[in-house]
Amino acid sequence: MRYILQNRWKIRKVGDESKLVYYGLRNWPKNKRQLIPLNSEEVELIKRLDKPTELSVEEKTILDKFIAEKIIVPHSEFRPDSTRDNYQMCTKCIANDYVIPGLEFNEDGVCAFCQCYENEKPDRTTSLLTIDEDELVENIKKRRHASRFDVMVFFTGGKDSSYLVWHLSKNLKLRVLAACWDMPFTNDSSRRNTKKLLESLPEVELIQWTLPVRMFEEAIKKQYETLGLFCLCPAPAYPLFYPIAKMYNIPYVMWGMEDVQASVIEYIFPVPSKKCTSEREQTIQVLKARAMPNDLLEPVTWRSEVHNYHASLQKIFEPLYAPLQKILEEAEKDKEMEIPIIKRLRTKESYGTWQSLIDLLEKEIGWEMPKNQKNQLHTSCMIEQVKDYTQFLRFKNMESVFFPQAMVELSAAVVFGHLSREEALEQFKELGFFEPPKMYEFLLNKIRNGN
């Protein structure tokens, strides 16, 4: 019998070690075994299995654990990548193995993501910590005298951050400072939504920061050359706005991030890199991961991909980070120094459906969807389809283990009750996975032509 290394597995060198990396998502609980250490004997044998190969009894014994896990399989069981016309879709959500090659399904046709949502319990000690409304309000009362603001919100004019500002101000009666990075790719509807929100919520203050166009264009170019991505968000918000929150003694800095965007770190790869003993320590850990200089890592885990995203941008925008780095250095020396705490509100329960959320925002602040867009996932940026396409290309070509996020998030929206499966399937058609978006070609030409 001839054996072969199953599709989507690849040997990668990580420092002095060799690892077997899976570019897909395995069924639960094997999703935690996406990266497998190899000894030199295993490496040499597995290298031969890039094509169907006969194995001796001794060789099969050495590779027995890989055969048992179906990482090495008989040639007849090799599973090629699905095509855009022939793929498997989850029977619960809409995740499929065309957009996410290597996505596994159980015998009932349920994808590995849904298996994780069912079996994992979110660990609130992760770096994407949530906070309940009652706890937030109670904690703010203790520090309210120190600032004329209760919270700073990273704001874009999209549905998530618009809802967060509205909810904190209108329902929780908090004093909100909205902080907006005014970038060239912000769409027209978000700019209008920003104006409408301020008119509807006169107690809310807004600060906007516009970086030089040349700096922005150079950053886009370098990010693409380094990681094959055009995206910069939300990284610059931290060095631009966190020092302002510290200057004004604002107790909390809030992420406008909903649960579907945190689904991977909370359910799929939930083991935290470090247990933190306090909110302050958690915030420092989050900021250090985004602000302190770091070398790029071999992109073999989801966390190393996130690390590289921020490490690349920290190098690109290095002059912007000095004030934030100074705060971190002082906070580590002075353990009593108060700093703004970074948190996000839990949204899975409060949002309801996305349509009901949008209806609420339309009624309360006159919020509007982007023109001719049905997809309700991301609503503030003009290059979302470019992000979809570049993430898809890198994952498909086994250059990255970072899943195409819009596919993950839209599927999670079905599981979390924000969309029906039929609604998600309709919105899926607008995502940028099927052909190069026009904006992708435009950005490539700008980089190649140097203008």
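Against the criterion of being surrounded by 24 or more Cβ atoms within 10 Å (Cβ to Cβ), under 24 Å from the mean Cα position of the chain (by Cα) and closer than 29 Å to N375 by Cβ, V165 qualifies. Scanning region 114-130 for residues that are farther than 17 Å from I284 by Cα, modelled with pLDDT under 95 and in contact with a strand residue (DSSP E or B) (Cβ under 9 Å, 6 or more places away or on another chain) turns up just one, P122. Checked against the criteria, F230 counts as in a loop (DSSP other than H, G, I, E, B) and either crowded, with 21+ Cβ neighbours inside 10 Å or at positive phi (or both).
Would you confirm whether or not region 258-270 contains a residue that is in contact with a Pro (Cβ under 6 Å, 6 or more places away or on another chain) and over 27 Å from E409 (Cβ atoms)? No. Consider S169 carefully, then state whether it is without any contact (Cβ under 8 Å) to a residue 40 or more places away in the chain and in a helix (DSSP H, G or I). For S169, the condition - without any contact (Cβ under 8 Å) to a residue 40 or more places away in the chain and in a helix (DSSP H, G or I) - is met. Every condition in (1) within 27 Å of V415 (Cα to Cα); (2) part of a helix (DSSP H, G or I) holds for K121 except the one numbered (2).
Summed over region 87-118, the residues that are assigned to a helix (DSSP H, G or I) and surrounded by 15 or more Cβ atoms within 10 Å (Cβ to Cβ) give a count of 6.
The residues of region 293-307 that are of a type outside the set (A, V, I, L, M, F, W, C) and part of a loop (DSSP other than H, G, I, E, B), listed by number, are P293, N294, D295, E298, P299, T301.
Restricting attention to region 418-436 and to residues that are under 21 Å from the mean Cα position of the chain (by Cα) and in a loop (DSSP other than H, G, I, E, B), the residue that is nearest to L357 (Cα to Cα) turns out to be H418. Residues in region 358-378 that are touching a Phe, Trp or Tyr at 6+ places or on another chain (Cβ under 9 Å) and either among the hydrophobic types (A, V, I, L, M, F, W, C) or under 18 Å from M257 (Cα atoms) (or both): I358, L360, L361, I365, W367, N375, Q376, L377. Selection over region 285-305 of residues that are in contact (Cβ under 8 Å) with a residue 40 or more places away in the chain and of a type outside the set (G, A, S) gives a count of 12. Given the criteria buried (at least 20 other Cβ atoms within 10 Å of the Cβ) and among the charged types (D, E, K, R), does D132 qualify? Here the answer is no, as D132 does not meet what is asked. Note on region 200-214: residues that are at pLDDT 95 or above and part of a helix (DSSP H, G or I) total 1. For the residues A219, A262, A235, the requirement of being of a type in the set (A, V, I, L, M, F, W, C), part of a loop (DSSP other than H, G, I, E, B) and in contact (Cβ under 8 Å) with a residue 40 or more places away in the chain singles out A235.
Just one of the listed residues (T186, T156, T130) is out of contact with any Cys (no Cβ under 9 Å at 6 or more places or on another chain) and among the β-branched types (V, I, T), namely T130. All conditions but one from (1) over 29 Å from D134 (Cα atoms); (2) modelled with pLDDT of 95 or more; (3) not aliphatic (A, V, I, L, M) apply to K170; the one that does not is (1). Criterion applied to I71, I4, I46 was being in contact with a Lys or Arg (Cβ under 8 Å, 6 or more places away or on another chain) and surrounded by 14 or more Cβ atoms within 10 Å (Cβ to Cβ), and the one residue passing it is I4.
Taking each residue of region 129-149 that is in a helix (DSSP H, G or I) and looking for partners that are aromatic (F, W, Y) with beta-carbon atoms closer than 7 Å, six or more apart or interchain, yields L136/Y252; I140/Y252. Note on region 244-259: residues that are surrounded by 17 or more Cβ atoms within 10 Å (Cβ to Cβ) and part of a helix (DSSP H, G or I) total 4.
If you go through region 22-70 and keep only what is farther than 26 Å from E107 by Cβ, in contact (Cβ under 8 Å) with a residue 40 or more places away in the chain and either within 29 Å of the chain's Cα centre (by Cα) or not in a helix (DSSP H, G or I) (or both), you end up with K51, P52, T53, E54, L55. Of note, D182 satisfies the criterion of being in contact with a Phe, Trp or Tyr (Cβ under 7 Å, 6 or more places away or on another chain), acidic (D, E) and surrounded by fewer than 19 Cβ atoms within 10 Å (Cβ to Cβ). Counting only residues that are in contact with a strand residue (DSSP E or B) (Cβ under 9 Å, 6 or more places away or on another chain) and of a type in the set (D, E, K, R), which one in region 245-263 is farthest from C93 (Cα to Cα)? Residue satisfying both the conditions and the ranking: E258.
The values are calculated or read from the model by the stated rules, or taken from the named source; none is laboratory data. Predicted, not measured: the structure shown is a model, and the values here were computed from it. So basically every Cβ, Gly included, is an ideal-geometry build from the backbone, and we count neighbours across all protein chains shown.
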